Amino acid sequence: MSFTWPNKDPDELLDYTVDWSRFLSPGRTIAVVSWFIEDADGVKQPFIINNTIDGLTNTAISNSQTVAVINLSNGTLNKKYKIYCQITDTSGFVAERVVFLMIKEK
């Protein structure tokens with residue numbers, strides 16, 4: 001399953017979220033969040049804090065019990081990024097969602 005975030009201007013520094021609340025079973029919460037990004041060669045790469053891949057920078061990550069957050073800056077104009085949000089919940093269950101982000105001037 002994939003989602004699309006609103007377009008991002010390359011000059012913006014913004015938080016983007018994935019809400020897992022409807023996916024998590026009752027009593028379970030997010031234990032670990034990992035972010036990945038597809039590079040220019042189509043290879044899925046870890047997207048860690050202060051890492052820039054193809055012009056897009058991960059400046060921070062955080063999460064609540066049900067929402068994963070990534071803070072993004074920069075980006076290559078007119079590029080569509082494929083970003084992966086992977087969670088492990090408190091029972092050890094692992095799930096992943098794909099989100100697309102387009103870089104456009106506003």
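Key figures for this structure:
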item: Pair list, Cβ under 7 Å, 6 or more apart: region 1-26 residue in contact (Cβ under 8 Å) with a residue 12 or more places away in the chain and within 18 Å of VAL94 (Cα to Cα), other residue among the small types (Gly, Ala, Ser) and surrounded by fewer than 10 Cβ atoms within 10 Å (Cβ to Cβ); result: none
item: Pairs with Cβ under 7 Å, 6+ apart, first in region 86-106 and loosely packed, with under 14 Cβ neighbours inside 10 Å, second assigned to a loop (DSSP other than H, G, I, E, B) and of a type in the set (D, E, K, R); result: SER91/ARG28; GLU105/ASP9; LYS106/ASP9
item: THR66 on the phi < 0 side of the Ramachandran plot, surrounded by fewer than 17 Cβ atoms within 10 Å (Cβ to Cβ) and either modelled with pLDDT of 95 or more or among the hydroxyl-bearing types (Ser, Thr, Tyr) (or both); result: no
item: Residues that are farther than 13 Å from GLU12 by Cα, surrounded by fewer than 17 Cβ atoms within 10 Å (Cβ to Cβ) and under 16 Å from the mean Cα position of the chain (by Cα), drawn from region 70-85; result: LYS79, LYS80, LYS82
item: Any chance GLY42 is out of contact with any Leu (no Cβ under 6 Å at 6 or more places or on another chain), at pLDDT 95 or above and either surrounded by 14 or more Cβ atoms within 10 Å (Cβ to Cβ) or closer than 24 Å to LYS106 by Cα (or both); result: no
item: Some residue of region 27-36 being in contact (Cβ under 8 Å) with a residue 40 or more places away in the chain, among the aliphatic types (A, V, I, L, M) and surrounded by fewer than 11 Cβ atoms within 10 Å (Cβ to Cβ); result: no
item: Residues within region 37-62 that are touching a residue at least 12 places away in the same chain (Cβ under 8 Å) and part of a loop (DSSP other than H, G, I, E, B), tallied; result: 7
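The values are calculated or read from the model by the stated rules, or taken from the named source; none is laboratory data. These numbers come from a predicted model, not from an experiment. Here the Cβ is made from the backbone with ideal geometry for all residues, glycine too, and neighbour counts use every protein chain on show.
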